[in-house]
Amino acid sequence: MNAFHAKYQTEIEQILAKYPPERKRSAVMPLLFLAQRDDNYISPNELADIAEILEMSVTDVASVVGFYTLFYDQHEGRYRIQVCTDLPCALRGAETFFEALCKELGVSSGGTTPDGLFTIEEVKCLAACHRAPVFQVQGDGEIAYYENQTAETALQVIAALREKAVQEARSREGAA
Amino acid sequence: MANQVTLTIDDLTVTVPEGTLVVDAARKAGIDIPVFCYHPKMEPVGMCRMCLVQVGRPMVDRATGQPVLDADGQPKIQFSPKLETSCTIPVSEGMVIRTNTPEVLRAHRDIIEFLLTSHPLDCPICDKGGECPLQDLTRAYGPGQSRFLLDDKMRLAKHVPLGELIYLDRERCILCARCIRFQDEIVDEPVLSFYHRGRSMQIVTYSDPPFDSYFSGNTTDICPVGALTTADFRFAARPWELKNNASICTQCPVGCNTTLNTRREVKSGGKWVVKRVMPRQNELVNEIWICDKGRFGYHYAESGERILSPHVRKEQGLVPVSWDEALDLVEQRLRQAGAGTVTLAGGRLANEDLFNLAQVTDHLGGRKLLHTQVGGGEYVQRYGLGKGSNLGELGKGDAILVIASDLQEEAPVWWLRVKRAADRGAALMVLNPRPTRLDPYARFIHHYRYGEELEALGRLAAGEGELAEAAEALRSAENLVIFYGSEGLGLAETTALAREAAGLLAGSGRAGKVNSGLIGVWQQNNTLGAYDMGFRPEADLAGALSGSGLAWIAAADPAGDHPALEAALKQAGFLVVQDLFMTRTAQMADVVLPAQAFTEREGTFTSGERRVQRFYPAVAAPPGPLADFSIAARVGLRVGIELEGASAATVMLRIAASVPAYAGLDYALISEVSEQWPIIGREDRYYGGTGYDNHQGLGVQLQPDAVTDPDGEVSIAMAAPAPLQVPEGAVYLAPVTRLYDQGLTLKPSMKIVGQRMARREVWLNPETAARLGFGAASLVTLEGEGWTASGVEIRVDEQLPPDVLLAPRSVGIPATGPEAVRLRPLVTEPEA
């Protein structure tokens, strides 16, 4: 059993049980999501481990990661703040909203904050044009959606996430 | 035969089997539909859109189900509102295809324009330029000008090594996925894939080592642009400078047909040199593929280490002399030795060489010995594939048994052909002591213990236990092909295995049948030809050599192979060696005669499937060396036998007259060709790739003796191998074959495949290694029967069975068969 399998043994067994044994490779997407849960990216080791579990070539697993935009093979921010700036959203002020967020975070588009918490990026349609400005936060194995946003409300979301990280760090220190 | 379908393509009426794709039907009728992603050896994907055509089908009245007729009583044809991809549509009755209407030509022009928006058009520096489908089709169909902005062109990496053998130019890639599909569908080693999508899509490999496949070079042939190039040929020459010379690969007994591309060049002093090896189509042998060893391993022929003049031993050692002086001495000593002459030939020699050597040896009354660690050729001569056999025809209802062979390592293209037969439904049985790359395609797998191959075969024949089902499949199979190899085996063991396998074939009444028979996976390309010319392996080779009045060694290096043979050669009365290189044996010789390489002369090889195939000279031989058959003829003339020494073709006439199996053969017959499908390598290189069409001969398959001489028998004076006893403290050594070994014919290609070559190492199960007290990567000294090998690295592999040590052949570990060896930690000499 490889490292990734050992780390998430229960979850992996549950996922694999959903597919017939000869169609193991169908589990590639759920396993990739699982690998991305802790640090929001899929490491080369996790890639190799998933390939081994599913009896696929590493190249084929990597190809799935490459195809889907919500899988990442680069270690960036713990939270990815993804703002739609397509035309309908732009008409509702998404561009200025995005610029304001970048300014507040002190990074440019695609950049990561120095504390490693946030990566901010422009994305294509999030399917909520009528409630723009809209963004989603991907991290901690979840995707959360925020609609009808202003810079102020978005910053509250960011502050809450930052607070969560601080609390976690404190409780870790306390435990140690 | 499948039902025939008649359709019309550009006013031409074409009849083809049901299921044929429109693009292929057109190709058969001589109408070229341009393609990029479609390849006749692979499933269509319809990705590139280049093959768009107008498709019309007969109108059918929905109420009656009857065809609608026009005023003339002809079926009315309804054309699709849009163009369709001809590579994804099977033909149907009454279909009308138009490939050259303004709409279709417009589509071709637009697709080319699209493809070129992200193509660098760097043809002047591109290796593919001159044989490039994109270049050709752009000239034929392209718009000449682009409406897209130059600044929007993709700028991507141009020298991406996909491993050290193949380079990718991302800018040139048009994303047709031919390389990905080849690795996936044909080889089933999916080490290439797409990454990202849309305009960001790219080819990637994540395997370790990168692009991990023995067939990687083929992707450069079928790449329709200059995106994939080999490390060997990139920036080496322009295609239009190259001449094509038909040849046969010398690396293994498959006998792949190849084309040697040569050119004259200044940097080689104005000489003709081989620039690359390309596959030449022979659907009966290698189709349009070759393995990477065959593609990159030819450099030995042009090595600077070659012997260029005869040498004779004098006081100061071996000194260069004239041919006359050397041959005078050989003549004198041969006359003295007479019947005490022992000729030892290697399986690298051509049939013509072997025949002349045999004639001279027979004339003197000497012995004709074959240097091989795989035996059983007599059984293959008798029960080999029936004339007219083609592994490409095996499929549902047929059975293939592979025993004691890691086929992908020993003969990659056979591995590919067997795998493809299994894909088509043939029942594949793999009997081997450890898992191999053939197991995934096997219907029946049996891993026996090393040394128990005969028992395993016996259990299969008897249908015992878990092999009952396999035995039934074997019994009921229409055709049966048996491959036997040398996994963990030596001469005596392979001979015994061949006998048992032959018995299995003969007992089932399949001897001599087309598409049935026995195939030995030899370590040299022409071992079977050597058997045919009368050479036989000798169990006590050391005894035969040490007792010889004169040992005449051709294309073999016994001294380099084993210390016992080296010692035996010292006892020989006189030693004559003819070879390409100053091997260890040659260094001991009294006379050394320089031989020509296969690129410099002509001749024939007999493949493991008993196909006699012809190779042609590609480059001029350096002054000095002679073809082995010429050397033998010159020697023959001096000792009183007249042989053909001027031309290989006339030697073949002599062979045909005196070797019954070769009766009626001549070079014209061997050079005959017939139409092959798919049609490749002509003007329309976009269709099948840059591999070569075969104009120089498909070869002639020999009829097995079981057919020509039904009452004949096989007699072999070789003792059955005794089971190996492993004493306390020793371990069972099993010699195994690695494709990239350090043999004479591969080592000069080191700069290309060096990183993948088998090292001086042995492989063990980790528990066995621990029991013996050695960790992975530790260095040991091996002590075998009469030899030691030091500085050998321990490697571990969990898949290996316990209590056995796998030693790759040709890496400096002299084991010739299974033996008990002792391991000692390598003690470095204390510094003085």
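For the residues B:E283, B:E305, the requirement of being in contact (Cβ under 8 Å) with a residue 40 or more places away in the chain, of a type in the set (D, E, K, R) and within 22 Å of B:Y740 (Cβ to Cβ) singles out B:E305. When you check B:A815 against the structure, is it of a type in the set (A, V, I, L, M, F, W, C), under 23 Å from the mean Cα position of the chain (by Cα) and surrounded by 16 or more Cβ atoms within 10 Å (Cβ to Cβ), yes or no? Considered against the rule, which asks whether it is of a type in the set (A, V, I, L, M, F, W, C), under 23 Å from the mean Cα position of the chain (by Cα) and surrounded by 16 or more Cβ atoms within 10 Å (Cβ to Cβ), B:A815 comes out as no. Filtering A:A100, A:A35, A:A48 for residues that are buried (at least 17 other Cβ atoms within 10 Å of the Cβ), of a type in the set (G, A, S) and within 22 Å of B:I203 (Cβ to Cβ) leaves a single hit, A:A48. Just one of the numbered conditions (1) of a type in the set (V, I, T); (2) within 27 Å of B:R738 (Cβ to Cβ); (3) within 22 Å of the chain's Cα centre (by Cα) is not true of B:T205: (3). Among the residues of region A:1-26, those that are more than 30 Å from A:G116 (Cα to Cα) and assigned to a helix (DSSP H, G or I) comprise A:E13, A:Q14, A:I15, A:L16, A:A17, A:P21, A:E22, A:R23, A:K24, A:R25, A:S26.
If you go through region B:784-809 and keep only what is in contact (Cβ under 8 Å) with a residue 40 or more places away in the chain, within 28 Å of the chain's Cα centre (by Cα) and over 19 Å from B:G490 (Cα atoms), you end up with B:Q799, B:L800. If you check B:G397, B:G386 for being surrounded by fewer than 24 Cβ atoms within 10 Å (Cβ to Cβ), at pLDDT below 95 and not in a helix (DSSP H, G or I), only one passes: B:G386. Counting only residues that are within 14 Å of chain A (Cβ to nearest Cβ) and touching a residue at least 12 places away in the same chain (Cβ under 8 Å), region B:200-221 holds 14 of them. Residue pairs whose Cβ atoms lie under 6 Å apart, separated by 6 or more positions or on different chains, with the first residue in region B:222-243 and over 20 Å from B:G688 (Cα atoms) and touching a residue at least 40 places away in the same chain (Cβ under 8 Å) and the second in a loop (DSSP other than H, G, I, E, B) and of a type in the set (A, V, I, L, M), are B:A231/B:L165.
If the condition is being assigned to a helix (DSSP H, G or I), within 13 Å of chain B (Cβ to nearest Cβ) and aromatic (F, W, Y), then region A:27-77 contributes only A:F67. Screening the candidates B:L175, B:L242 for the property of being within 14 Å of chain A (Cβ to nearest Cβ) and over 25 Å from B:N390 (Cβ atoms) yields one hit, B:L175.
From the list B:A646, B:A633, B:A668, B:A657, the one residue that fits, being within 30 Å of B:S322 (Cβ to Cβ) and free of Cβ contacts under 8 Å to residues at least 40 places away in the same chain, is B:A646. The sole residue among B:E487, B:E464, B:E493, B:E500 that is touching a helix residue (DSSP H, G or I) at 6+ places or on another chain (Cβ under 9 Å), closer than 19 Å to B:E409 by Cα and assigned by TED's automatic domain parsing to the domain that holds B:G392 is B:E487. Scanning region B:178-199 for residues that are over 18 Å from B:G226 (Cα atoms), within 11 Å of chain A (Cβ to nearest Cβ) and among the hydrophobic types (A, V, I, L, M, F, W, C) turns up just one, B:V191.
Residues in region B:72-84 include at least one that is within 44 Å of the chain's Cα centre (by Cα) and at pLDDT 95 or above. Could you pull out the residue among B:P440, B:P433 that is part of a helix (DSSP H, G or I) and of a type outside the set (D, E)? Residue meeting the stated conditions: B:P440. Selection within region B:168-187: residues that are outside any helix (DSSP H, G or I) and in contact with a Phe, Trp or Tyr (Cβ under 8 Å, 6 or more places away or on another chain). The member of this set that is surrounded by the most Cβ atoms within 10 Å (Cβ to Cβ) is B:C176.
The values are calculated or read from the model by the stated rules, or taken from the named source; none is laboratory data. These numbers were taken from a predicted model, which means no experiment stands behind them. Heads up, the Cβs are rebuilt from the backbone with ideal geometry, glycines too, and the neighbour counts pull from every protein chain shown.
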